[in-house]
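S.K.: Mind looking over this structure? Questions follow.
The values are calculated or read from the model by the stated rules, or taken from the named source; none is laboratory data. Since we're looking at a predicted model, the values are computed, not measured. Cβ atoms come from the backbone with ideal geometry, glycine included; neighbour counts cover every protein chain shown. To get the accessible areas, we keep the full protein, side chains included, count just its heavy atoms, and leave off ligands, DNA and RNA. Shrake-Rupley method; radii C 1.70, N 1.55, O 1.52, S 1.80 Å.
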There are 2 protein chains.
Amino acid sequence: MAKVPDRYFKVDPWSIVEEGFDPGRSLVSESVFSLANEYMGVRGYFEEGGSVESLLGAYFNGVYEEAPTAGSAYKGIVRKTHFMANAVDWLYARIWIDGERLDMGASDIRSFRRVLDLRKGTLSRELEWRTSGGKTLRVAFLRFLDMENPERGYQRISFVPSDFSGKLRLEIACDFNTLHAGRKKRMWREQKKGFGDGFAAVMARTATTGQALFSGFSWTANRRASFSPMEAELFAGFGIDLPLEEGEESVVEKSVCNLVQRDAGADAGLLWSRGIEALESRGLPAFDAAMEAQESYWGSFWESFDIRIDGDELNQQGIRYCLFQMQEAYHGQDPANNIGAKGLTREAYNGHAFWDTETYCLPFYLFTNPRAAKNLLEFRYRTLGKAVERAAMLDCGGACYPVATLNGEEACDLWQHASLQFQPSTAVAYGIAHYSQACGDLDFLYGHGAEMLVQISRFLASRGSWTDRGFGFYAVMGPDEFHMMVSNDCYTNYMAKKTFEFTLRTLEEMREKRPDSYAELAARVVLGESEPDEFARCAARMIIERDGETGIYEQHEGYFGLPHIDIDSIPTSDFPLYGHWSYDRIYRTDLIKQPSVLMLMFLYGRDFPEEVKRANYEYYEPRTIHESSLSPSIHSILASELGKSDEASSFFGFATRMDLDNYNRNTGEGLHATSIAAAWMNIVYGFGGMRSEGGELSFSPSLPAEWKGYEFSVLYRGARIRVGVRAAGVSLRVASGTERVEVLVYGERRRLGSAPLVLPLPAAAVGERKGG
Amino acid sequence: MAKVPDRYFKVDPWSIVEEGFDPGRSLVSESVFSLANEYMGVRGYFEEGGSVESLLGAYFNGVYEEAPTAGSAYKGIVRKTHFMANAVDWLYARIWIDGERLDMGASDIRSFRRVLDLRKGTLSRELEWRTSGGKTLRVAFLRFLDMENPERGYQRISFVPSDFSGKLRLEIACDFNTLHAGRKKRMWREQKKGFGDGFAAVMARTATTGQALFSGFSWTANRRASFSPMEAELFAGFGIDLPLEEGEESVVEKSVCNLVQRDAGADAGLLWSRGIEALESRGLPAFDAAMEAQESYWGSFWESFDIRIDGDELNQQGIRYCLFQMQEAYHGQDPANNIGAKGLTREAYNGHAFWDTETYCLPFYLFTNPRAAKNLLEFRYRTLGKAVERAAMLDCGGACYPVATLNGEEACDLWQHASLQFQPSTAVAYGIAHYSQACGDLDFLYGHGAEMLVQISRFLASRGSWTDRGFGFYAVMGPDEFHMMVSNDCYTNYMAKKTFEFTLRTLEEMREKRPDSYAELAARVVLGESEPDEFARCAARMIIERDGETGIYEQHEGYFGLPHIDIDSIPTSDFPLYGHWSYDRIYRTDLIKQPSVLMLMFLYGRDFPEEVKRANYEYYEPRTIHESSLSPSIHSILASELGKSDEASSFFGFATRMDLDNYNRNTGEGLHATSIAAAWMNIVYGFGGMRSEGGELSFSPSLPAEWKGYEFSVLYRGARIRVGVRAAGVSLRVASGTERVEVLVYGERRRLGSAPLVLPLPAAAVGERKGG
């Protein structure tokens, strides 16, 4: 599984730097230089347009279109799918000198530098343009998305002529004439356009879903410029004749306000008024003030949650890039938002959220931003009704959470996934347990949490079946998507068992501690008197098959009997298998796409003794081809735990730099937003040995041989714990917040305070330096 | 599984009669009154058009359109599908009196009678029309499709005015403006139109596949009529002013020539010339002569192969209707033709041929028309190249025959069938064995047959896998389509084993008896030296799981462990399950759609002792919901063999009258052409106890309690054997052909000649009369 980096950007601890422009890498760079603030996202495209290969992509969380699926008419198969709509190019700019247009693909560009500054949260670009008339102009662009006032974006374009004075033609606008990358279609219908004193605005609706988006901007220049409004369909802006003075800077600053109204039934007139008001009253803060606030936001983020890696520049840059992107993609602004597999960086995967949210992303938020973690779960609560409808479509009771969704409805148009995979539902239950235990939020648990738990358990009880052997699930697909229509998938059954058990425990606690809440819940979900007993029977008699001799859990019935294939015998040119093998062929052997039994041993690590994990790891890992960007980190974490430090490092290899180094050669399709979360887990859970399920936090840090040391922070019960690991020892302290907190370190209960607790690093926890 | 008849037509031994017209049954009647002659087919629609619900459907074998499928882009999933095109309405007629048009849905119709005459092969209709002006006109229509000159069709329309003389306006034409029933689309592009002395013609091409069809007609009238050509896009005909004389008959006869050119690359100019020549030279036989030939054709068919049932008028009519439709759908005219699941009676199932051809239809032809049987296999030989391409798409060697096809390419757009079902391939091998053994055609076997056998075996060897337990198939779907992605499906494995064995036996015989043919074959298919050994190993170590104690073969790995569902517990309103259950739900239990293990015990009956068949029948039948029209007959045949005469009769119940009585309420969608073949098997193999696999023909007749007796004929080794069964005894004789032939009767070898061999009917072979 050797993956090879395609290194291009400069290595720097706090920024991503492109020196000189490679048009062949344009789409990858656009993805890497994406910005987002949860509310909206924009690819790092060149705002001035031109002939370079580009996807002019700008997206808004929860703004989507729908289309009928072409699947069969069988019952329960989704009839329409949703996909994130490419929206407004609010950075639109066109630049001319003497009628010649700046075009990165055609102009004579003498120098080029693009920088994503992780400390400031800005993307900047500087270039020197030599016109065919021999004039030289330095052009600088800066953009950022306001992290605290998320409907706001800012753009600054500045010009310094080296050898001439004169005039420059600049056109700036908001433009809805964008195309969906896959469907090659414009998604918007114009509703209204308007101009005012120094501002322009346009409002449009999505064609099929009728969601409204207002996009307007005001602008200022540091020189007296003549200008006039420009309009076209779905387009409003200004044409500006900007004076240039040799050696001096001419600057235009654009403050943008983008307002989304997701509800198609809502009054768009109000939306228009809100937008115009923001523009008219100059309600947008000045560029400099906004930029100052932006720096302060990111400064405070890094102060709290920076991960430092000593002696590994590549991973240092990589993990900071991951933290930055995670925070940008989502930080709990709005419970109506979720995290698409590609964040807001491209239309691939349709912007859909998957089980990745609860399984891969949630831990990052649990331990840096509990409000965000809660909001992710509130998203599921807000869409509980859709999950109940979906369960009914599948002839079941309760709630079945979608495999892929934008608005809570199932939008996965592959029935074999949408109808057979239940890890999204059990992941929600897992997330509720994880959140309520880690954050101690019993109000949520006994309210929205318990309601979801009952509905999920109800679904599981109705979807499973009884035989003489007990209760189990038939015709399912587990997280290993290389086996389909299997019986008693170990992951599915085990997760269901845990879901039932946690639901029952929660109900019991409620009955005892909050009888009123219990009564209210029971009434709301019409809890049958015998339902808890049924859940208990299902849990108690859940079929979990394990080889008594080897301790190996059988992934599903019959897995052990499947033909074996030696991964090393597969030519590397066959990867990815989905692209090179006949579809059915991936289902015929014991090959595994991504962890399933091992995923269980990660999620419920405390349920399984080390020797059982070892046996299962040694059995399943060699059968796994990691054809999911989510796979290697989980293996790295388990390898760390099992003292397999070489393997741990090797799987970690590309976790932090998957997109920076375009390991999978598909970063042009957008960032791997959820794998980025796995990189965080890989350090904190993997090397840091943190475990968080079941209500107690524990650490068993180890030190990869390649590193001198590393530090990370986690927020736990109000205390920010800073963990530092070096060969000399492990240090843990409460860096801020609640003064004291109890955790386990290497299995022993420890009370942490502001003074560092320093412990020696166990010998087994130090990686052996290769060849050292 | 009680199915309820919707009886509508009059019961008559030699015809299907509709007395009075029920517009609510229009589509069903159109299907039932379909005519075909293998080359073309036409529904029983009213040629005069009008407002009655109607599918104006006319079809040509192998004339189809194609369309991209909307499936996913995974490798091996078909990207385009084919579907039979609705073609030319060559019966087009419009009738006016005094500007008032005849319309069965709106006119005042005083009497109505429609008759399909099975002895003449004609469809006729008589009605009395009372115009709003108070005129009464008797109108009679007659149509037939020439069975021996299949490009020819005939239509006769006659008028007798009861109470007036005057003129009638008649327009007759060939009209390509037909619509595909599902896609609501016109499929044709006009190429040419022309008129001549008493004839009109139009030629068109299918839009996507470019196949050409010439349709022209000449006409005569028994009165001097004025007329003029009429043309429109895709339409050519004549408007005729026909004189009417009170009490006398005015007749127009139309002789039609429809010529298909399937190859889009062929010169359509030649096709046009051929067509015009036939029309110009009056090359079409006169109506009366053609009709005489038609009667003689059918007379000779019935003389040879009529099945007589004594004491059961319903089944007598039913079985003759089945024989008639089978002969019409296919009789071996052209090896480029095959049998669609709906014959040429409607677009449902896209006109595709399935494994039904070799498994259900072939026996009828084997024992009535060996040339037709051979041609069905030649169809597979002609499309061997496509099957080789398909196997390669599936990353396999050899030849994989399509699940559904019109031209040899896989056209099934459900990947779960197209990629996982191999019964079409093993059915072809079975058909080759069955044909060559029953008909003794070693030239075919050692030529085309052996080449297909090697390629099919090669496919099977490459698609299967080895484990410690032996050789088997993983990720397949057997004929029971309620279980998918299973391992070691008993039917699939067993059929593969038999395929390997028959291939090896054939190769050995060839090497011994026809070394030149063997060498030629080996060179043509590049037979590897070790390939036969590999086939032998696969066969010898094929995994076939059977419970040693009960003798029950496990349908596939894990089947015995599936949750059980009691069929009687399913509300009848849930049927058909495909329409009422969530798609995945049908896969979660031990419910079976149609026979799988039992199918094996029918196809290879001689391999399994009676007690094994009994155990398996008693285990599997109660788990089978027969959600395929192919299912009940197989169960009836096995029930007969096992002496379960009540069950045999009950399953037989609707075999012969499935469409006449619209048992499945979907006859409007077209006739169940392949189930019709199962009705023949149900009598000959079921009650007649005939067995034909393995080279020897045997009979063990029994007599259903409801019948006084029955007779059928089979052609075997050149002898037509007539079998008669009555309570008084069984009689077998050679009725024509080869003078003497050897068969087994009740297990004993008997030599049959022209004098009847009469044997007593064993006591166990007489059904017990219910309540008797």
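S.K.: Would you mind telling me which numbered condition in (1) farther than 26 Å from B:R588 by Cα; (2) within 14 Å of another protein chain (Cβ to nearest Cβ); (3) over 27 Å from the mean Cα position of the chain (by Cα) B:M485 fails?
M.R.: Here B:M485 meets the rest and fails (1).
S.K.: Let me ask you something else. Could you check, for the stretch B:494-501, whether at least one of its residues is buried (at least 21 other Cβ atoms within 10 Å of the Cβ), in contact with an Asp or Glu (Cβ under 8 Å, 6 or more places away or on another chain) and away from every other protein chain (no Cβ under 14 Å)?
M.R.: No, every residue in the stretch B:494-501 fails to be buried (at least 21 other Cβ atoms within 10 Å of the Cβ), in contact with an Asp or Glu (Cβ under 8 Å, 6 or more places away or on another chain) and away from every other protein chain (no Cβ under 14 Å).
S.K.: Grab the helices (runs of 4 or more DSSP H) fully contained in the stretch B:386-481, keeping just those with 2 or more residues being more than 10 Å from every other protein chain (Cβ to nearest Cβ) and buried (at least 24 other Cβ atoms within 10 Å of the Cβ).
M.R.: It comes to B:423-439, B:450-463.
S.K.: Moving on. Among the residues of the stretch A:758-772, write down those that are open to solvent by 40 Å² or more (accessible area, probe 1.4 Å) and modelled with pLDDT of 95 or more.
M.R.: Listed by number, the residues that qualify are A:V758, A:P760.
S.K.: Among the helices (runs of 4 or more DSSP H) confined wholly to the stretch A:591-701, which include 1 or more residues that are in contact (Cβ under 8 Å) with a residue 12 or more places away in the chain, at negative phi and hydroxyl-bearing (S, T, Y)?
M.R.: In the stretch A:591-701, A:610-620, A:631-641, A:645-652, A:673-681 are the helices (runs of 4 or more DSSP H) which contain 1 or more residues that are in contact (Cβ under 8 Å) with a residue 12 or more places away in the chain, at negative phi and hydroxyl-bearing (S, T, Y).
S.K.: While we're looking at this one, here's another question. Which residue out of B:V11, B:V28, B:V88 is of a type in the set (A, V, I, L, M), in contact (Cβ under 8 Å) with a residue 12 or more places away in the chain, open to solvent by 40 Å² or more (accessible area, probe 1.4 Å) and closer than 30 Å to B:H331 by Cβ?
M.R.: Of the residues listed, the single one that is of a type in the set (A, V, I, L, M), in contact (Cβ under 8 Å) with a residue 12 or more places away in the chain, open to solvent by 40 Å² or more (accessible area, probe 1.4 Å) and closer than 30 Å to B:H331 by Cβ is B:V11.
S.K.: Within the stretch A:255-294, count every residue that is closer than 19 Å to A:F238 by Cα and open to solvent by less than 40 Å² (accessible area, probe 1.4 Å).
M.R.: So the answer is 10.
S.K.: Collect the residues in the stretch B:737-757 that are under 19 Å from B:F305 (Cα atoms) and open to solvent by 50 Å² or more (accessible area, probe 1.4 Å), keeping them in residue-number order.
M.R.: B:G737, B:T738, B:E739, B:R740, B:S754, B:A755, B:P756, listed by residue number.
S.K.: Exactly one condition in (1) under 13 Å from the mean Cα position of the chain (by Cα); (2) open to solvent by less than 20 Å² (accessible area, probe 1.4 Å); (3) over 25 Å from A:Y716 (Cβ atoms) is false for A:G332; which is it?
M.R.: Here A:G332 meets the rest and fails (3).
S.K.: Please give the number of the condition A:A87 fails out of (1) under 19 Å from A:C412 (Cβ atoms); (2) out of contact with any helix residue (DSSP H, G or I) (no Cβ under 8 Å at 6 or more places or on another chain); (3) assigned to a loop (DSSP other than H, G, I, E, B).
M.R.: (1)
S.K.: Scan the stretch A:31-79 for residues that are outside any loop (DSSP other than H, G, I, E, B) and open to solvent by 40 Å² or more (accessible area, probe 1.4 Å) and report the count.
M.R.: So the answer is 2.
S.K.: Tell me which residues, restricted to the stretch B:96-139, are in contact with a Gly (Cβ under 9 Å, 6 or more places away or on another chain) and closer than 18 Å to B:S250 by Cα.
M.R.: B:I97, B:D98, B:R101, B:L102, B:R125, B:K135
S.K.: Name the single residue that is nearest to the other protein chains (Cβ to nearest Cβ) among those in the stretch B:544-581 being open to solvent by less than 50 Å² (accessible area, probe 1.4 Å), more than 34 Å from the chain's Cα centre (by Cα) and of a type outside the set (G, A, S).
M.R.: That would be B:P563.
S.K.: Any residue at all in the stretch A:187-210 that is assigned to a loop (DSSP other than H, G, I, E, B), surrounded by 17 or more Cβ atoms within 10 Å (Cβ to Cβ) and modelled with pLDDT under 95?
M.R.: Yes; the residues of the stretch A:187-210 include at least one that is assigned to a loop (DSSP other than H, G, I, E, B), surrounded by 17 or more Cβ atoms within 10 Å (Cβ to Cβ) and modelled with pLDDT under 95.
S.K.: Would you please name the residue that is farthest from the chain's Cα centre (by Cα), looking only at residues in the stretch A:494-543 that are in a helix (DSSP H, G or I) and β-branched (V, I, T)?
M.R.: A:T506
S.K.: Would a scan of the stretch B:361-370 turn up a residue that is in contact with an Asp or Glu (Cβ under 7 Å, 6 or more places away or on another chain), hydroxyl-bearing (S, T, Y) and open to solvent by 10 Å² or more (accessible area, probe 1.4 Å)?
M.R.: no
S.K.: Which pairs turn up if I take residues in the stretch B:246-266 that are within 30 Å of B:G166 (Cα to Cα) and look for partners that are open to solvent by 10 Å² or more (accessible area, probe 1.4 Å) and in a loop (DSSP other than H, G, I, E, B) with beta carbon separation below 6 Å, at least 6 apart in sequence or on another chain?
M.R.: Filtered contacts from the stretch B:246-266: B:E246/B:F164; B:E246/B:S165; B:S250/B:R223; B:V251/B:N222; B:S255/B:L284.
S.K.: Also, quick follow-up: Sort through A:S226, A:S165, A:S215 and tell me the only one that's within 30 Å of A:I109 (Cβ to Cβ), at pLDDT 95 or above and open to solvent by less than 20 Å² (accessible area, probe 1.4 Å).
M.R.: It is A:S215.
S.K.: Inspect all residues belonging to the stretch A:81-103 and state whether any of them is among the β-branched types (V, I, T) and within 14 Å of chain B (Cβ to nearest Cβ).
M.R.: Yes; the residues of the stretch A:81-103 include at least one that is among the β-branched types (V, I, T) and within 14 Å of chain B (Cβ to nearest Cβ).
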